[in-house]
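For reference, the structure discussed in these notes is given below.
None of the figures in this text is laboratory data; all of them are computed from the coordinates on show. Please read these numbers as outputs of a predicted model, since none were measured by experiment. Cβ placement follows ideal geometry from the backbone for every residue including glycine, while neighbour counts extend to all protein chains displayed.
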Amino acid sequence: MISKEFIRKEFPEFDWIEDVELRDKCVAVLQEGIEAGGWTEETVYQCPIAVSEMSADCPVHNLDHIHDVTNMCKAVCDWLLPRYSFMQVDWDIIIAAALLHDVGKFTEYGVNDQGKPVYTEKAKLMRHPLAGALLASKHGLPDKLVQIIATHSFEGDRSYQCPEALLMKRIDTAQFGMVNYFFPAKKAVE
Ligand SMILES: [Fe+2]
């Protein structure tokens, strides 16, 4: 069971979403996504950031990644947007996209009895961009947000990228890349 209070306490970043209705819907999406993966308020911190690309002992988990990407998006926007009036972006969409882009990982990834990251049964048909986009759509989130979630990984390589998607996707890749540099998947010893 994941409570709304838990989500709000764990993610004060939701306060940055100015549209209250959008904020509430986003909280509900994250709540349902975590619950659908079978995680609890105690175990959710163990949801991995990746399975095949990352070392099993990586100390950065999906929750950390979501915090990092959201805060990095805000930091970049805080610097960049006041400098260039032509950079017109939807602030709420950037923050919501950062908070929700990997909600599908809670159903794509799990941990085995030894606590090692594994793919779930659902993973083959429902990689996290698709799972997350479907969940966001179910909760009535705007098409722009659903599209960003659906296309933020390689599935979207030939898809349109609005400025909000472009920014979030590059910051997502930067955070993941830095973690992955220090914790690459270990190759089997031959
Ligand atoms: Fe991500």
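Worth a mention:
- Each Lys and Arg contributes +1 and each Asp and Glu -1, all at the Cβ; summed about the Cα centre of the chain, the dipole is approximately 480 debye.
- Residue order for Glu21, Glu108, Glu53, fewest other beta carbons within 10 angstrom first, comes to Glu21, Glu53, Glu108.
- Placing unit charges on each Cβ (+1 for Lys and Arg, -1 for Asp and Glu) gives the chain a dipole about its Cα centre, and among Gln46, Phe176, Val29 the Cα reaching farthest toward its positive end belongs to Phe176.
- Under-5 Å amide H pairs with Met54, H placed in peptide plane, nonlocal only: Ala185
- For segment 64-79, 3J(HN,Hα) per residue [Karplus equation, 6.51 cos²θ - 1.76 cosθ + 1.60, θ = phi - 60°, Hz, x = Gly/Pro]: 4, 4, 5, 4, 4, 4, 5, 6, 5, 4, 5, 4, 5, 4, 4, 7
- From phi via Karplus (6.51, -1.76, 1.60), per-residue ³J(HN,Hα) for segment 156-171 in Hz, x at Gly/Pro: x, 4, 10, 9, 4, 10, 6, x, 5, 5, 4, 5, 4, 5, 5, 5
- Entry note, the chain: relative contact order of 26 percent, from Cα contacts under 8 Å with a spacing of 6+ residues.
- Dimensions (Å) - the chain, Cα atoms, principal axes, largest first: 56, 37, 29
- Residue order, fewest to most surrounding Cβ atoms within 10 angstrom, among Glu41, Glu10: Glu41, Glu10
- Excluding same-chain neighbours fewer than eight residues apart, the aspartates and glutamates reachable from Lys186 by a Cα-Cα span under 16 Å are Glu53, Asp57.
- Within straight-line reach of Lys138, meaning a Cα separation under 19 Å, sit the following lysines at least 8 residues removed in sequence or on another chain: Lys4, Lys25, Lys105, Lys122.
- Footprinting exposure proxy ranking of Phe182, Phe14, Phe86, fewest other C-beta atoms within 10 angstrom first, gives Phe86, Phe182, Phe14.
- Working value for segment 119-190: equivalent-ellipsoid semi-axes of 26, 18, 10 Å, each the square root of 5 times a Cα gyration tensor eigenvalue, largest first.
- Considering helices alone, the calculated mean residue ellipticity of the chain at 222 nm is -16000 deg cm²/dmol, with DSSP H runs of length four and up weighted by -39500 (n - 2.57) and normalised per residue.
- Each eigenvalue of the Cα gyration tensor of segment 1-88, multiplied by 5 and square-rooted, gives one semi-axis; in descending order these are 27, 20, 10 Å.
- Computed 3J(HN,Hα) for segment 13-25, one whole-Hz value per residue from the Karplus formula 6.51 cos²θ - 1.76 cosθ + 1.60 where θ = phi - 60°, is 4, 4, 4, 6, 6, 6, 6, 4, 5, 5, 4, 4, 5, glycine and proline marked x.
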